[in-house]
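Below: one structure, written as structure tokens.
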Amino acid sequence: MVIEAEENRRDFLILATGAVGAAGTAAACWPFVRSWSPTADVLAQATTEVDVSAIAEGQMITVPWQGKPVFILHRNKEQIEMARQADSASLPDPAVDKDRVKNPEYLVLLALCTHLGCVPQPIGTGDFGGFLCPCHGSHYDTSGRIRQGPAPRNLEVPFYVFKDDSTVIIGKPV
């Protein structure tokens, strides 16, 4: 009986030590796991609301969203037509203009070159009439599609919705 009591006591001590060790490990890991969650300032910037009524036709503005620049271009008829004519499977990253815009008059793009993250500049002239990355010479058209240069993909279109005719909300609500 004495041997049986010692075995029960040993089993209890092993279980108790294991439980305390597991709790300690979980407590030590929690700060690291929590650091993967977005901070309060990032969550506050989850969406950006922009009044586009003041943007003249052919004009572009840059707004911040989650610490990144976003282009909003009020395209004129010429730019819209240029973008539609360039719809082709022969593009380096094929995409149709109507799939990249919710309203043909407004182009909303994340303003980071897909090559190395530089901010492209609007050129408005030339063969493609869109944007030029000053770092390595990638050319984008009036729909933000890559046409020439080292960039592997089109400029990214962030999630956005039109709240009404003059207001764009960029980003998904939290």
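If you scan region 76-93, which residues turn out to be small (G, A, S) and under 26 Å from Q59 (Cβ atoms)? First the steps, then the outcome.
Quick first cut of region 76-93, residues small (G, A, S) only: 83, 86, 88-90.
The answer is A83, A86.
Report yes if some residue within region 59-67 is at pLDDT 90 or above, closer than 21 Å to K163 by Cβ, over 21 Å from the mean Cα position of the chain (by Cα) and exposed (fewer than 14 other Cβ atoms within 10 Å of the Cβ); otherwise report no. Talk me through it step by step, then tell me what you get.
Start the filter on region 59-67 by keeping residues that are at pLDDT 90 or above, which leaves 59-65.
Pick out the ones that are also closer than 21 Å to K163 by Cβ and you get 59-65.
Adding the requirement that they be over 21 Å from the mean Cα position of the chain (by Cα) leaves 59.
Now drop any that are not exposed (fewer than 14 other Cβ atoms within 10 Å of the Cβ), which leaves 59.
Taking every residue of region 59-67 in turn, at least one turns out to be at pLDDT 90 or above, closer than 21 Å to K163 by Cβ, over 21 Å from the mean Cα position of the chain (by Cα) and exposed (fewer than 14 other Cβ atoms within 10 Å of the Cβ).
Any chance region 150-163 includes a residue that's exposed (fewer than 15 other Cβ atoms within 10 Å of the Cβ), free of Cβ contacts under 8 Å to residues at least 60 places away in the same chain, touching a Pro at 6+ places or on another chain (Cβ under 9 Å) and not basic (K, R)?
No - not one qualifying residue is present in region 150-163.
Determine whether G144 is within 20 Å of N76 (Cβ to Cβ), small (G, A, S) and out of contact with any helix residue (DSSP H, G or I) (no Cβ under 8 Å at 6 or more places or on another chain).
Details: within 20 Å of N76 (Cβ to Cβ): yes; small (G, A, S): yes; out of contact with any helix residue (DSSP H, G or I) (no Cβ under 8 Å at 6 or more places or on another chain): no.
Answer is no for this residue.
Would you be able to tell me the number of residues in region 72-82 that are modelled with pLDDT of 90 or more and either surrounded by fewer than 20 Cβ atoms within 10 Å (Cβ to Cβ) or touching a helix residue (DSSP H, G or I) at 6+ places or on another chain (Cβ under 7 Å) (or both)?
Start the filter on region 72-82 by keeping residues that are modelled with pLDDT of 90 or more, which leaves 72-81.
With either surrounded by fewer than 20 Cβ atoms within 10 Å (Cβ to Cβ) or touching a helix residue (DSSP H, G or I) at 6+ places or on another chain (Cβ under 7 Å) (or both) added as a condition, the list becomes 74, 76-78, 80-81.
Here the count works out to 6.
Could you list, in sequence order, all residues of region 94-133 that are among the β-branched types (V, I, T) and either touching an Asp or Glu at 6+ places or on another chain (Cβ under 8 Å) or surrounded by 17 or more Cβ atoms within 10 Å (Cβ to Cβ) (or both)?
The first filter runs over region 94-133 and keeps only residues among the β-branched types (V, I, T), leaving 96, 101, 108, 114, 119, 123, 125.
Answer for region 94-133, where residues must be among the β-branched types (V, I, T) and either touching an Asp or Glu at 6+ places or on another chain (Cβ under 8 Å) or surrounded by 17 or more Cβ atoms within 10 Å (Cβ to Cβ) (or both): V96, V101, V108, T114.
Determine if region 36-48 includes at least one residue that is surrounded by fewer than 13 Cβ atoms within 10 Å (Cβ to Cβ), in the same structural domain as K102 (by TED's automatic domain parsing), at pLDDT 90 or above and closer than 30 Å to K98 by Cβ.
No, that holds for no residue.
What pairs come up if the first residue lies in region 72-96 and is assigned by TED's automatic domain parsing to the domain that holds G124, the second is surrounded by 16 or more Cβ atoms within 10 Å (Cβ to Cβ) and assigned to a helix (DSSP H, G or I), and their beta carbons are under 6 Å apart, counting only those six or more places apart or on different chains?
A83/D97; R84/D97; D87/D97
The values are calculated or read from the model by the stated rules, or taken from the named source; none is laboratory data. Just so you know, these numbers come straight off a predicted model, no measurement behind them. So basically every Cβ, Gly included, is an ideal-geometry build from the backbone, and we count neighbours across all protein chains shown.
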